[in-house]
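So the structure is just underneath, and the comments pick up after that.
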Amino acid sequence: MNRWKRALLVLLPLLIVVAGGCSQSSGTAGVVTVDVFQFKAEISQQLDELKAEFEREHPNIRLNIQTVGGGSDYGASLKAKFSSGDQPDLFTLGGDHERDMWLEYLEDLSDQPWVADVKEVALDQMTVDGKLYGMPMNLEGYGFIYNKDLFEQAGITEEPQTLSELREACEKLQAAGITPFANGYQAWFVLGNHFANVAFAQQPDPEQFIAELTEGTAAFMGNEIFQQWIDLLDLTLEYGNPNPLSMDYSSQVSTFATGQAAMMQQGNWTQVQIDGINPELNLGILPMPIHDSDTNRGMIYAGVPGNWVVNKNSKVKEEAKTFLNWMVTSEMGKRYITSEFKFIPALDSIEGTEDDLGQLGVEVLKYADAGKTLSWNWTRLPNGMPQEMYSSIQGYIGGSLTREEMLEQFQRNWDNLSFQ
């Protein structure tokens, strides 16, 4: 045996050890890890359980899920991860402004098999030039949640669809000794996001109107729809609880759930809180009408609170897409979306029962499937504008601002924020 063969025999065991050590340090051979970053804190435990199910069926893929939500600033945390070079492969975003902010990192998902099943109402927020850059997590919707038994007690036999019909219903409720509205106007999002959105969503073309406000070719003052919107606000104040600016979100839900009011402006996300107080309530959702015409008659407001997006620079983006596809096509994934996450499905291929979604979730789904929804627009507004609108509306409710002064404040704040 020559000396080279002897040397090789001596070195071979060492090479095997070194190679084995390298293999162990990088994980099991052939297994890749997808880093997931998301903000839905309420589903973090269920998502970890779903991860285990997915990995069982896909032994070559591991999910490393990090959740930043609740009281934490997800947006700031996401920016910090990208700044540090620790970019997630799969993460969650809101639409419109957030979509545009991160667009350079987003993979075009238009060719994915689930795209054809996305409900029409869920497409707009993540679509640019006909390309879809996100998979909607779920739908949420809001209007006037109402107690059907209290309506029946007051002799209301049909759901009010116009402002005049809503006023008539309020008069009947009041005559029966029932407070029509529980107004939780201390909560900023109730006024600044949801109530303010009514005036934007009712515009003939909300996106164009918002663009024209920024360009200076449209204005709040003199806009008929904003005047009608204030009529609805006045009606809720006339037939609502005293001191609405002192009622917070929890008190509003509690007041409604204990039968002290027949209606509240809220969405399907309140189902869990309501059930915790009175699971026997017979619930429905009404439109929030601002006039008596047939325009936008019978509509509620629905949208997508978050979207799954894939980092186009990721080396494992195909595995990330595999997880998304599995989540919305497998029986296990679909069951988790409805039964465990309690999400209203944003895809037609996923069905949710009342046992899964609750009465309110099923109501929102019915409106969405019937094409009876108007858009969410607060994500299209200049940064900080919903909070400024909330402050101005509070001033109007408190009596320190007139109608015109409130609209003038809207305009002044819009102009200031648009040029920051």
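Things worth noting here:
- Dipole check for the range 65-209: with +1 at the C-beta of Lys and Arg, -1 at the C-beta of Asp and Glu, and the Cα centre as origin, the magnitude is about 520 Debye.
- The chain, helix-only ellipticity at 222 nm - DSSP H runs n ≥ 4, -39,500 (n - 2.57), divided by all residues, nearest 500: -13500 deg cm²/dmol
- On the range 27-167, 43 percent of the accessible area sits on carbon and sulfur atoms, based on a 1.4 Å probe.
- Lysine pairs meeting the criterion (Cα under 29 Å, 8 or more apart or interchain), as found in the range 50-180: 9
- Under conditions of 4 °C and 1.567 mPa s, the range 177-242 yields 98 µm² s⁻¹ as its translational diffusion coefficient, taking Rh as the Kirkwood radius over Cα pairs in the Stokes-Einstein equation.
- Counting DSSP beta bridges with both ends in the chain, the antiparallel % (nearest 5): 65 percent
- Heavy-atom accessible surface of the range 224-368: percent carbon and sulfur, 1.4 Å: 45 percent
- Structure-derived Kirkwood radius over Cα pairs in Å: which label, when the choices are (1) 24.4; (2) 22.7; (3) 23.8: (3)
- With Cα atoms, 0 to 90° folded angle of helix 224-238 axis to the chain main axis: 80 degrees
- For I156, neighbours were defined as the other residues whose beta-carbon sits under 15 Å from its Cβ, and their charges (Lys and Arg +1, Asp and Glu -1) total -4.
- Over the C-alpha trace of the range 270-411, radius of gyration and Dmax come out as 20.0, 58 angstrom.
- Semi-axes of the equivalent ellipsoid for the range 327-420, computed as √(5λ) from the eigenvalues of its C-alpha gyration tensor and ordered from largest down, come to 40, 16, 12 Å.
- Between P289, P244, P136, the GNM of the chain built on Cα springs shorter than 10 angstrom shows P244 fluctuating the most.
- Using C-alpha pairs under 8 Å with a sequence gap of at least 6, the mean separation divided by the residue count of the range 271-420 gives a relative contact order of 22 percent.
- Distance between modelled label sites at T295 and T214, nm, 7 Å Cα→Cβ extension: 2.4 nm
- Accessible area (Å², per residue) of the chain, counting only protein heavy atoms and a probe of 1.4 Å: 45 Å²
- Cα gyration tensor shape of the range 34-143, rounded if a/c is under 1.5, else prolate or oblate by comparing a/b with b/c: rounded
- In summary, the aspartates and glutamates within cross-link reach of K342, defined as a Cα separation below 17 angstrom excluding same-chain residues under 8 places away, comprise E42, D48, E49, E140, D275, E331, E351, E354, D355, D356, E363.
The values are calculated or read from the model by the stated rules, or taken from the named source; none is laboratory data. Computed from a predicted structure; not experimentally measured. Cβ sites come from the backbone with ideal geometry, for glycine too, and all protein chains shown count toward neighbours. We work out accessible area using only protein heavy atoms, side chains counted, and drop any ligands, DNA or RNA first. Shrake-Rupley method; radii C 1.70, N 1.55, O 1.52, S 1.80 Å.
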